[in-house]
Each structure stands twice: as C-alpha cells, then as structure tokens.
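The next block holds one structure in the form of structure tokens; read it before the comments.
The values are calculated or read from the model by the stated rules, or taken from the named source; none is laboratory data. This structure is a prediction, so every number in the text was calculated from the model and none was measured. Note: ideal-geometry Cβ built from the backbone for every residue, glycine included; neighbour counts use all protein chains shown. In case anyone asks, the SASA skips ligands and DNA or RNA and just uses the protein heavy atoms, side chains included. Shrake-Rupley method; radii C 1.70, N 1.55, O 1.52, S 1.80 Å.
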Amino acid sequence: MGGFEDDEPPSKRARASSVESASLSDIPCYSKPANPLGGTMARPLTSQGKEVMVGSKGLIKRDEFVRILTKSLYTLGYEKTGAVLEEESGITLHSPPVNLFRKQVLDGNWDGALVTLNTLGLLDENNVKSAAFLLLEQKFFELLRTDNVMGALKTLQSEISPLGINRKRVHEMSSCLISFPQNVLVGFSNPGIESSNSRFKLLEELQKVLPPTVMVPERRLENLVEQALTVQREACYLHNSVDGLSLYIDHHCGRDQIPSQAVQVLSAHRDEVWFLQFSNNGKYLASASNDKTAVIWKVDEDGELLLKHTLTGHEKPVMMVAWSPDDCQLLTCGMEEVIRRWDIESGECVHVYEKSGIGLVSCGWFPDGKQILSGLSDQRLCLWDLDGKQADCWEGQRSTKTSDFAVSKDGKLIISTSRDSAILLFNRDTKQERLIEEEETVTSFSLSEDGDFLLVNLINEQIHLWNIRNDPIRVKRYTGHKRSRFVIRSCFGGSEQAFIASGSEDAKVYIWHRASGDVIETLSGHSGAVNCVSWNPANPHMLASASDDHTIRIWGLKKATAKRRDAGSSSNGIHMNGSANGNGLVHQCNGSRSK
C-alpha cells in the first residue's frame, strides 16, 4: 500500500499590526508601573534574572524569548508595556545603532541609514548589499515621486548600479525613468502619505535580509505559536473541528467530531435516490431519483434541511445534478435524455439542452459559470454555451457511455472515463493527454477541492486515491465497502478533506481516514443500498447519503439529546414538502430548448 503525502499548506491567520516606534527615547518609561495587586510591580529575583535558559526543558534562550515578547507587544500596539518590559528585564529589543537605523529609515534619511548600516556588524557582505539596495530603491522612487528626476538618475547610476546586484530590477527602474511619470505615480495620489506607509513596509523588507539577531522578524511570536498549533493539528488523527484551536490546552479531536449519527431523514422521493450533492457554499442539497424528479433542500441556520423545490419535467430517471459555481443555478441530467437548467430561487426551468437522436448522460459546469459540459451516449464530450450553442466537442477514445467527468478550477484540465479501466486527463491548452490505468473497471470518480487528487471507485470493491498533480501516481487504497451490481459513489470530506466517505450495497456508509486508509466509522440506518454520499463543504460535521430505500439521511455529531427529524413525509404518506410550514413547491419544466 503506497504512502500518502498531502502538501496542502494549512490556513494561517494573520493579525493586523503596526510597527513599533523607531526610537525608545520618545516612549515614556515608568519606574513604578501600576500593579493590580497593589504596591510596586514585582521584580525578578537576582538568580532568576541571571538564568540564561528558561522553560521546563531548558531549551529557550532567555534573551531571545524576552526580545520576541517585546517585539510582539509593540506589534500589537502595546508600546508602553513593551517599554516597561525592556526596562524591567534589562534586555533591549534593539541595540542603539539599530534604533538609530530604524529612525533614519522612517525619517527618509537615506545617506545616514547607509552609514549606520555599516556599523551594525553584519558579517555577510551579501546582506549588506541587499539591505543597501532596498534603501536606495526606496530613495530612487521617492525622488521620482517629488519630480526630482535628475536626483533619481544620479542615485541609479552612482549608488544602485555599482552594487552589482538585482540587474533585472535595475533595468525596470531605468524603464521607469524613460516612461516617467506614468509608471511611477500611478496609485500615489498623496505622495507624502504613501512615502510614510512605504517606509514602514521597507522596514519589514529589511528585516527579511538582516540577521534576526540584529532585527527581530515581524510577527515572530505569532509564527512560532502558529507552528505549534499546526503541529498539534497535524498530529490530531481525527481532526475535524470547526472551532479554532485554543492556546489554553493541547488540541485533540475524538470520534465525537465525526458525523456518525442520523440527525434527519428526508423522504420526499418516491423511488430510489441515486445521486446527491451539496452546493459549494453548503447552504443547499440537491438530490436526483429514479422517480424522474430532483429535489432542492435548503440548510437552515440550525442545520436542519427543509424542502425548497421539487423539480419535475424529466421523462426518465434523473441520473445526476450539478451546482453552478455561484450556487444560483442547478443542472439535472436524465438517463440518456436531456439536461435541464434551473433557477434555484424560483425553482423554474430556464433552459433544456438536447441533441437529436443522442442521449445526454452527464452534466457539469465550467468554472466561469458561462458554459456547461455534457457526456453523450455516443461517447463524446460536448461543451455548450448557456444559450444552448455547442462550443466544442471531443471524440476521445472512450468505449463506455461515460457518466462521470470533472473539470479543474482553471478550466484547463478535463477528466473523463476512457476505456473501461482507464481515466483520461486532457489538457485543453496543450492538448496533452495523460491516462490513469486501472486493472479493474472504473465505475465513478471525484476530484479533490485542490484539484490534485482523484478518488476512483472500481468494480472490485476498492477505492483508489491518485495524485494527478504531475504524472498520475496511486497513493492509497480503501476497502471494506460492498459493491456487486450498482454504481456506488464516494467523496472527499471533513476538515481539509481529511476523510473519505462512500456508499455501499450493504446499506451502510463507510468513512476512512484519508492518510492512513483505516475505516474509522461504519454508519448503519438505511434499509437499501447506499448509492451516493456528499460531505457538506462548509460544515465538516454534516454528511448526506442517498439510498435505494427512497430516503436521504443527514449524519451529524452524536449528542445525548439529539432527536431524529423526518422531513418530506406526512402521516398519510403524501409527499409534498419537507418543511413544517409547507412552503416546498413542485415545479414543472417549461424552459427553452436547445438541440
């Protein structure tokens, strides 16, 4: 079994900050700060003050720790507190030369800053040159902003060019002189304010090239804390929390964070439910059934699903649905029949797509929402404009009536079934074709949110995970579910799509840990084969399953007080709506047709 690697960068939260004062001479210091417990502020014991290392394991250098704390206080705007910490600890954030250097930068004293730069004790000449280049670049553009073209030219020729670095940038600056002022003053309606703001940004850039022992990097404490939280999150085997990680306790998710309890049963369909899919924003669920209808469900603020529209008009069973990128429209595809496009708000059919003598077997949207893609019963893929005009068509080498395809977010990569045991990856720009070769027949597949992984269901009761970022590589295999006769669909889901869910012919839903391949939950409750599952992309605690038992089950977290809610049915068996106030409507399609 191959190993699994997922290099998706974790999300990081950045806090707005201000750069601390350039000089501490302007900051008032208090010899007797207020103590909330009364009396003067406690001073560290002499023995404590002399300790070089701090922390229970003695791994943290005391002076570095204090300087980083001080830097964070200034960044957060607590300047008085930062000054007090410097005074009380005896550890200054910056040396006097560095404070002078920072003040000169903020004042625009470029000649003085260059002189002071050479007194900072930098051992690497490259660091000195890089910092000097940044200073002179700022000087160059500020001269241009004040219409001092000759001064800017002199700076470029006699100060910047002799440094002998970043030639490409030097050429760009030369171009600015030639095309002055168009390429310089754009966006600088108030040069004075812009100069001030850009100098603060310059300090941040200088911190990147100067050693951290000279200037503590911006947001260093925040970065260290985020690294620690990231390590905890990555070490959390069942991480599926919707709440942010706390600094007060170590992070750990248990099985109670996996949706494993049926919290609602939807029974608006009168026959087998074959397909379902949450909208991109997680506010709606659409289902397709053998009863020739599709249903749109709305997720209310409490997480309960209410029937919004029942869509009728197909003459054959509805095979699948597809949400538009903005979730304002829905496509439904009949079995080798037509594709219908619906308005979500009104529930009205606005267009019908069909080809004379040829059935349409699948549907999907292009990322721009201006075109749709369909698979045809003659094994072609066709691209349509919204008004029904055929924009493109690919013959391909398929020998099966493809019912699955996927499109990358940039619209360049089209993924479709090829031979029975192969999937074609077609690049529209380069016309390059790559193949995923399986040993068994492919029954369905789904694309990960980042577009780098493909989940492939096979006829032999296996699900394979492929990395398709470059040359396709199989990285994981999932087993345990049952499949003998029907098309069973699986999906990615949970926080950062860390889990895999699938239907099964034994009437259960299976959930695997994506990285390890272990089955972590088996959900029972349906009385017929589970054909399709969909994980809410906006709520990792909500999973939906569609079954031959005519129902859809909504799975949530286990709670002692959770009560099962049934929607879409009444005591007399009449299926009208899925809400208590009876506002679900049945819509007959009468939209325009394209052939």
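Summary of values
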{"read-out": "Spacing of the two label points (7 Å from each Cα toward its C-beta) at Ala391 and Asp63, in nm", "value": "6.3 nm"}
{"read-out": "Inter-site label distance for Ile358 and Glu437 at 7 Å from Cα along Cβ, in nm", "value": "3.0 nm"}
{"read-out": "Two-decimal Rg to Rh for the range 255-556 - Kirkwood Rh, Cα set", "value": "0.93"}
{"read-out": "Calculated on alpha-carbon atoms, Rg and Dmax of the range 467-510 in Å", "value": "12.6, 37"}
{"read-out": "FRET efficiency, 1/(1 + (r/R0)^6) with R0 41 Å, evaluated for Ser527 and Asp256 via beta carbons", "value": "0.95"}
{"read-out": "Coarse-grained scattering of the range 130-169 at q = 0.18, 0.31, 0.34 Å⁻¹, given as base-10 log I(q)/I(0) from a Debye sum over alpha-carbon atoms", "value": "-0.43, -1.07, -1.18"}
{"read-out": "Per residue solvent-accessible surface (Å²) - the range 255-556, probe of 1.4 Å", "value": "36 Å²"}
{"read-out": "Nitroxide proxy distance, nm - points 7 Å out along Cα→Cβ at Lys482 and Val115", "value": "8.7 nm"}
{"read-out": "Calculated FRET efficiency for the pair Leu557/Asn197, C-beta based, R₀ 56 Å, to 0.05", "value": "0.75"}
{"read-out": "Principal axes of the range 356-469: Cα extent on each, largest first, Å", "value": "40, 32, 22"}
